[in-house]
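So the structure is just underneath, and the comments pick up after that.
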Amino acid sequence: MSDKVYDLSQLEELAGGSEEFVHSMIETFLEHTPGQLEEMKTAHAQKDWKTMGGIAHKIKPNIDLFGIKSIYSEIREVENKGKNEQPDEALNGEIGKVDEVLKTAFEQLRTL
């Protein structure tokens, strides 16, 4: 498998050595985030910018906590463009990259 797209060091620090906490957070992430990602993509496809931005806002803390650095800026762009109802030509690519990287993270985290 390719290099990890995530970095659990921040989560592990927050857990204070509790592997149970880390695994619980991973399970919660894998339980909720895939559905949120699909909702965000659906809102994008329906040009429902406010909903898209709101869902990006919900996903953003998980991207930060799980150290998925390659999409830090993209999730913030999606959030801002949605909240401000100002989609632009870069939005499709940003959504695509968030989708691709998160799906890779889901796959990788499921194997832990």
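At-a-glance table
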| item | result |
| --- | --- |
| Test for residue 7: is it farther than 24 Å from residue 91 by Cβ, modelled with pLDDT of 95 or more and assigned to a loop (DSSP other than H, G, I, E, B) | yes |
| Cross-chain or 6+ apart pairs with Cβ under 8 Å, region 14-36 first and within 13 Å of residue 65 (Cα to Cα), then at pLDDT below 95 and of a type in the set (Lys, Arg) | none |
| Cross-chain or 6+ apart pairs with Cβ under 9 Å, region 87-112 first and basic (Lys, Arg), then assigned to a helix (DSSP H, G or I) | 97/70; 97/71; 97/74; 103/34; 103/37; 110/26; 110/30 |
| Matching residues, region 92-101, being crowded, with 16+ Cβ neighbours inside 10 Å and under 21 Å from residue 46 (Cα atoms) | 94, 95, 97, 98, 99 |
| When residues of region 1-13 are limited to those that are within 16 Å of residue 66 (Cα to Cα) and not hydrophobic (A, V, I, L, M, F, W, C), the one surrounded by the most Cβ atoms within 10 Å (Cβ to Cβ) | 6 |
| Residue 21 over 16 Å from residue 108 (Cα atoms), in a helix (DSSP H, G or I) and in contact with a helix residue (DSSP H, G or I) (Cβ under 6 Å, 6 or more places away or on another chain) | yes |
| In region 25-65, residue farthest from residue 3 (Cα to Cα) [restricted to those that are of a type in the set (Ser, Thr, Tyr) and loosely packed, with under 14 Cβ neighbours inside 10 Å] | 42 |
| Residue within region 76-85 that is more than 19 Å from residue 6 (Cα to Cα), of a type in the set (Asp, Glu) and either in contact (Cβ under 8 Å) with a residue 24 or more places away in the chain or touching a His at 6+ places or on another chain (Cβ under 8 Å) (or both) present | yes |
| Residue that is farthest from residue 27 (Cα to Cα) [pool: residues in region 90-112 that are assigned to a helix (DSSP H, G or I) and polar (S, T, N, Q)] | 92 |
| Filter result (in contact with a helix residue (DSSP H, G or I) (Cβ under 7 Å, 6 or more places away or on another chain), exposed (fewer than 15 other Cβ atoms within 10 Å of the Cβ) and part of a loop (DSSP other than H, G, I, E, B)) within region 66-89 | 85, 88 |
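The values are calculated or read from the model by the stated rules, or taken from the named source; none is laboratory data. Keep in mind it's a predicted model, so treat the numbers as computed, not measured. Cβ: placed from backbone, ideal geometry, glycine included. Neighbour counts: every protein chain shown.
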